[in-house]
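First up is the structure itself, then whatever we jot down about it.
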Amino acid sequence: MKVVTAIDSMKGSMSSIEANQIITDLFTERGHEVKAIAIADGGEGTVSAVVKNGNGQKVTVPVQALNGKIVNGDFGWFDSKKLAVIESATASGIQYLDGTEKTHPTNTSSYGTGELVLAAVDHGAQTIVIGLGGTGTVDGGLGLLSALGIEFFDHGNQLLPADGGSLGKIAHFSAQHLDPRLADITFLIASDVESPLLGPSGAVYMFGQQKGLTKAELSNYERNMKQYQKVVSGAEDSVVGDGAAGGLGFALRVFLKGTIRSGFEFISEQTNLETAIEQADLVITGEGQMDDQSLQGKVPVGIGRIAQKYNVPVIAFVGSFTGDPKRFSEEGVSVIIPIIDHITTLAEAMNEAKSNLHKAASRTLTLLMLMKN
């Protein structure tokens, strides 16, 4: 049996590469031919995936995390193409949230992602791909833009801090000090969701609470985001992808003329994923949590849609699942298998993710062999 394994990273537990290796070892031991493809959708693991699949290298630089602390951030570099690949989660990732006031959305910033952009420019990048996913910020990209040289002012002409708390205070802005080198660079925005900036499925209402906003704060924060959008773009409507990464999609599209596209599609093209699936008898995928947000373009659903074209069954291993299995089946995901097989805490589940995946995949493989016989 020809098997393609393309499991997304399970945040805080294992990378795509590690998860795929578990599947590869198990199925190879039973005599199956396995092709492992490191995969991502623009979120966590994007840089590792493209570097592994494309024989690139990682460049590490110090940047500000969303809470202001200095951390080591890296981007993928392909010298022959003068191409840099950045994932916003490196500096602005949800992993830095600690539930305190310091990491409340009004106090966090995507500034560090802007620093990664400048580092790539310093490295000689002519094309920069920015993966949007796994972020903990909801600042509309204000922090990133500030790092690139754009200044935001209040009604008293005072320079505003580069954080989410400034969104509703902006009266005007200046692009006078925007780094001029950015005008000659092509920006591609690899988004993991299709959300607009505003509205029920936007950056605030759809993702705000998981990043620290309370339900009572959503309405006011949405108003502030709308004020920000109107001041900086003159528009009251946003487009698909603008709401990705707390509004980074909007900032990159409006100020850097970035082209928004599916992060999953970008990675799949780099890896010739569709060709591999077409030639497979079975596809194995998965992610840490599968829910209704997954239907917006996350890895398992993207893979299911490709496999469906070639009538190839898809098994998805997940840390947890909430949703209607029928909706995912309609998207080509044949069966969803949670890897947890006992009562456990979240911390234990994350620590045991590798062994849990191994056990779940082993049981599944045994079932497949029984059906074959």
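The values are calculated or read from the model by the stated rules, or taken from the named source; none is laboratory data. Predicted, not measured: the structure shown is a model, and the values here were computed from it. Virtual Cβ from ideal backbone geometry, glycine too; neighbours counted across all protein chains shown. SASA here: full protein model, heavy atoms, side chains in, ligands and nucleic acids out. Shrake-Rupley method; radii C 1.70, N 1.55, O 1.52, S 1.80 Å.
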The strands (runs of 3 or more DSSP E) lying entirely within segment 47-165 that contain at least 2 residues which are open to solvent by 10 Å² or more (accessible area, probe 1.4 Å) and within 29 Å of ILE37 (Cβ to Cβ) are 57-64, 70-78, 83-87
When you look at GLY212, is it on the phi > 0 side of the Ramachandran plot and either within 24 Å of the chain's Cα centre (by Cα) or surrounded by fewer than 21 Cβ atoms within 10 Å (Cβ to Cβ) (or both), yes or no? yes
Do we find a residue being assigned to a helix (DSSP H, G or I) and more than 20 Å from ILE337 (Cα to Cα) anywhere in segment 20-32? yes
If we keep only residues of segment 271-292 that are surrounded by fewer than 18 Cβ atoms within 10 Å (Cβ to Cβ) and not charged (D, E, K, R), then the residue nearest to SER201 (Cα to Cα) is GLN289
If VAL333 meets every condition in (1) part of a loop (DSSP other than H, G, I, E, B); (2) open to solvent by 10 Å² or more (accessible area, probe 1.4 Å); (3) not acidic (Asp, Glu) apart from one, which number is that one? (2)
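Those residues that are in contact with a helix residue (DSSP H, G or I) (Cβ under 8 Å, 6 or more places away or on another chain) and without any contact (Cβ under 8 Å) to a residue 40 or more places away in the chain, I need them from segment 293-308; list them, please.
Listed by number, the residues that qualify are SER294, LEU295, VAL301, GLY304, ILE306, ALA307.
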What residue, of ASP237, ASP242, is acidic (Asp, Glu) and open to solvent by less than 30 Å² (accessible area, probe 1.4 Å)? ASP242
Selection within segment 208-228 - under 27 Å from PHE153 (Cα atoms), in contact with a helix residue (DSSP H, G or I) (Cβ under 7 Å, 6 or more places away or on another chain) and not basic (Lys, Arg): GLY208, GLY212, LEU213, ASN224, MET225, GLN227, TYR228
It is to be established whether one or more residues within segment 197-216 are farther than 21 Å from SER88 by Cα, polar (S, T, N, Q) and without any contact (Cβ under 8 Å) to a residue 40 or more places away in the chain. yes
Can you tell me which of (1) at pLDDT 90 or above; (2) closer than 19 Å to ILE260 by Cβ; (3) open to solvent by 10 Å² or more (accessible area, probe 1.4 Å) is the one VAL204 doesn't meet? (3)
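If I ask for residues that are part of a helix (DSSP H, G or I) and of a type in the set (A, V, I, L, M, F, W, C), which ones from segment 231-265 would you list?
Filtering segment 231-265 down to residues part of a helix (DSSP H, G or I) leaves 231-233, 244-256, 263-265.
Passing the criteria: VAL231, VAL232, ALA244, ALA245, LEU248, PHE250, ALA251, LEU252, VAL254, PHE255, LEU256, PHE264.
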If a residue must be touching a Ser or Thr at 6+ places or on another chain (Cβ under 7 Å) and among the hydrophobic types (A, V, I, L, M, F, W, C), how many such residues does segment 113-138 contain? 3
